[in-house]
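The values are calculated or read from the model by the stated rules, or taken from the named source; none is laboratory data. Just so we're clear, the structure is a prediction, and the values are computed from it rather than from any experiment. A quick note on method: Cβ atoms are made from the backbone with ideal geometry, for glycine too, and the neighbour counts reach across all protein chains shown. The accessibility values were calculated without ligands, DNA or RNA, using every heavy atom of the protein model including side chains. Shrake-Rupley method; radii C 1.70, N 1.55, O 1.52, S 1.80 Å.
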Amino acid sequence: MLTAEILNALKGYTANMTNAVTFVLQTGEHSKRAELVDFLTQIASVSDKLSIEERDAGFRSPISFSLQTPEGDTGILFSGIPSGHEFNSLILSVLWSSGTAMKLDDTLKNRIAAPVNEKLHFEVFISLDCHNCPDVVQALNQFALINPSITTEMIDGGLFRNVIEERDIQGVPSVYLNGEKFANGKTELSTMVDTLIERFPEMKASNVVAPKLPLQDVTIIGGGPAGVAAAIYSARKGLAVTLVADVLGGQVKDTMGIENLISVPKTTGPELVGNMQAHLADYEITIKEHVRVQSIEKGNIKTLALSSGEEIDTKTLIIATGARWRELGVPGEKENIGNGVAYCPHCDGPFFKGKDVAVIGGGNSGIEAALDLAGIVKSVTVFEFMPTLKADQVLVDQAQKRDNITILKNVATNQIHAQNGKVSSIEYTDRATEEVTHLELNGVFVQIGLVPNSQFAEGVIEMSQHGEIIIDERCNTSEKGIFACGDVTTVPYKQIVISMGEGSKASLAAFEYLLTHDVDNSQTAEVAA
């Protein structure tokens, strides 16, 4: 199952393990158990600090196992064989359990470690084909290692179909806390922390806020291509730079195929994000990840209030928060998220194998989604509101060659219907004839573009009617010392390469502002060139 190359890499990763880690495997019989035993045996072979113990531990299944150290149970449990995208989740959990430091700052760790008055058990239902699932699994594994009141279990939905059907799960990741739904779909670590503290207010009372940073020259909000470019360009000028992000990478992490980043013929979102993180690490940049900016106080010195309780004072501010999936806004959409309505074909497509689905949107993302799904599902019907498709012709040509893709143009989606808790049909209107039609299907993938992540800046700077931050050719906003770049702005053509260029431009504009303004003394003074 594991190649010699992978095993050799694991030897390097585990060479500096401090604590021994034991895979405690539930006894019993299962068709996949021999495969799991072989999988764990190969991993354990790379280090004398790894071992396997088989016993009746009371776990869910004979293909369930936990991680234990000499100090006891880590609270991390896997039900299934964590290969595919979840292989990294397993290896990271082993390394963290053995003493490798987690890449979380102390303030975030303090929030997670806060005492709670009851035991919390998370269940994370995943698909091994889902590239968003590992982020959630890894986040909750860290929760378990940080807080002794928390345990977490990764459950491979493909091997536990009975549980999937009992809970009517049609999308992953799907997270349950003590048997009740906690989160569904792509969910950032910061959101899960906030939701947890909201449910258990006693955790908030004991939070300890980290010491305040010194005054920053530049603070960037957003960790996508624009934000990373702005941070690197600013750091190269020798400035004091902080980058605040929900998650490094932004929407790029959800893009599986990238072939238009000039000089890089082909890459993937996760690969590009890894490269951006490595580039950031070359510079002295303070990174506040897994937190959000809740408010901005304008002035000569800007003050940011973070979700962690921290505050940052900064001379200049660059907003690069990107955008998120746009919702369709029709009845039945929100009510059925995770029960047939989805936004990520890569993650949730496998749940609709052999079934009929719709893709809403005829742009590049919509046609790409249809092509991705066509190899999995029985049929795909694309709904486009306008009389013509907006997608690139090369994609349209590919879609028209597929026998199981039907494209409907000039139609309006009215409602998504469900029966017994699952999507059953979609109602749409032909805009030319006004004829209303009901199409029976099992899933709806919404691919109608993005919404700018600018809500936190409302009332601070001017925005367009669509919520985009209005900027000029130098990335200036309506407020002096505040700049913006990338998909959150009015700049057209939302592309990775454009966002990187705009982020670099915003950084240069901020540097120029610092050179020509006496920010420290709250006065504006031109500086001689």
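With the charge dipole of the stretch 158-302 set up from +1 on Lys and Arg Cβ and -1 on Asp and Glu Cβ about the Cα centre, the Cα lying farthest toward the positive end among the listed residues Met276, Leu213, Val291 is that of Leu213.
Using the Karplus relation 6.51 cos²θ - 1.76 cosθ + 1.60 with θ = phi - 60°, the per-residue 3J(HN,Hα) values for the stretch 167-180 come to 9, 6, 7, 10, x, 10, x, 10, 10, 10, 10, 6, x, 10 Hz, with x marking Gly and Pro. Here Lys355 is the anchor, and the lysines within straight C-alpha reach of less than 17 Å, apart from those fewer than 8 places off in the same chain, are Lys378, Lys422. Simple rule: put +1 on each Lys or Arg Cβ and -1 on each Asp or Glu Cβ in the chain, find the dipole, and look at Ala229, Ser83, Ser379; the Cα lying farthest toward the positive end is Ser83.
Taken over the stretch 415-529, the convex hull of the Cα atoms encloses 171 Å³ per residue. Which of the following values of Cα extents along the principal axes in Å was calculated from the structure shown: [x] 78, 67, 46; [y] 69, 62, 52; [z] 73, 54, 51? Computed from these coordinates, Cα extents along the principal axes in Å corresponds to label [x]. Modelled spin-label separation between Lys181 and Lys32, with each label point placed 7 Å from Cα along the Cα-to-Cβ direction: 2.4 nm.
Please state the charge dipole magnitude for the stretch 389-517, taken about the Cα centre, from unit charges on C-beta atoms (+1 on K and R, -1 on D and E), reported in debye and rounded to the nearest 20. Mind dumping the intermediate values first?
Numbers: 10 positive and 17 negative charges, 59 e Å.
I would put it at about 280 debye.
Close amide H pairs (under 5 Å, H built 1.01 Å from N) link Ala57 with Thr27, residues at least 5 positions away or on another chain.
Positive end of the dipole of the chain (Cβ unit charges, origin at the Cα centre): among Thr100, Gly250, Val423, the Cα lying farthest that way belongs to Thr100. With each label modelled as a point 7 angstrom along the Cα→C-beta vector, the Lys212-Tyr283 pair spans 2.6 nm. For the chain, hydrophobic long helices are taken as DSSP H runs at least 24 Å long by C-alpha position along their axis with mean Kyte-Doolittle hydropathy of 0.5 or more; these are 496-516. Cross-link pairs exceeding 28 Å in C-alpha to C-alpha distance, out of Lys119/Lys212; Lys103/Lys237; Lys103/Lys253; Lys315/Lys505; Lys181/Lys302, comprise Lys119/Lys212; Lys181/Lys302.
Kirkwood's formula applied to the C-alpha pairs of the stretch 1-113 gives a hydrodynamic radius of 14.7 angstrom.
Alpha carbon centre of the stretch 69-116 versus the stretch 394-425: separation in Å? What the calculation gives is 40 Å, centre to centre. From a point 7 Å beyond the Cα of Thr41 in the direction of its Cβ, which residues of the stretch 1-17 have a backbone N at a distance under 12 Å? From the stretch 1-17, the list is 1. A cut-off of 5 Å between modelled amide H atoms, ignoring neighbours fewer than 5 places along the same chain, links Val382 with Val359, Thr406, Ile407, Leu408.
If I compute solvent accessible area with a 1.4 Å probe over the protein chains, what percent of it on the chain is carbon and sulfur? Here carbon and sulfur together make up 48 percent of the probe-accessible area. Accessible area per residue for the chain, computed on protein heavy atoms with a 1.4 Å probe, is 44 Å². Tell me the GluC sites (Glu not before Pro) within the stretch 10-78 that lie in a loop according to DSSP and have at most 16 other beta-carbon atoms within 10 Å. Listed in order of number, the matching sites are Glu29, Glu71. What you get for the stretch 285-433, charging only the Cβ of Lys and Arg (+1) and of Asp and Glu (-1), is a dipole of about 60 debye around the Cα centre. The distance linking the stretch 35-64 with the stretch 155-199 is 25 Å (Cα centroid to Cα centroid, whole angstrom). Its Cα centre serving as origin, the chain has a Cβ charge dipole (Lys and Arg +1, Asp and Glu -1) of approximately 300 debye. Per-residue Karplus couplings for the stretch 242-252, computed as 6.51 cos²θ - 1.76 cosθ + 1.60 with θ equal to phi - 60°, are listed in order as 10, 10, 10, 8, 4, 7, 5, x, x, 5, 4 Hz, Gly and Pro entered as x.
Placing dummy labels 7 Å off each Cα toward the beta-carbon, the span from Asn420 to Asn260 is 4.3 nm.
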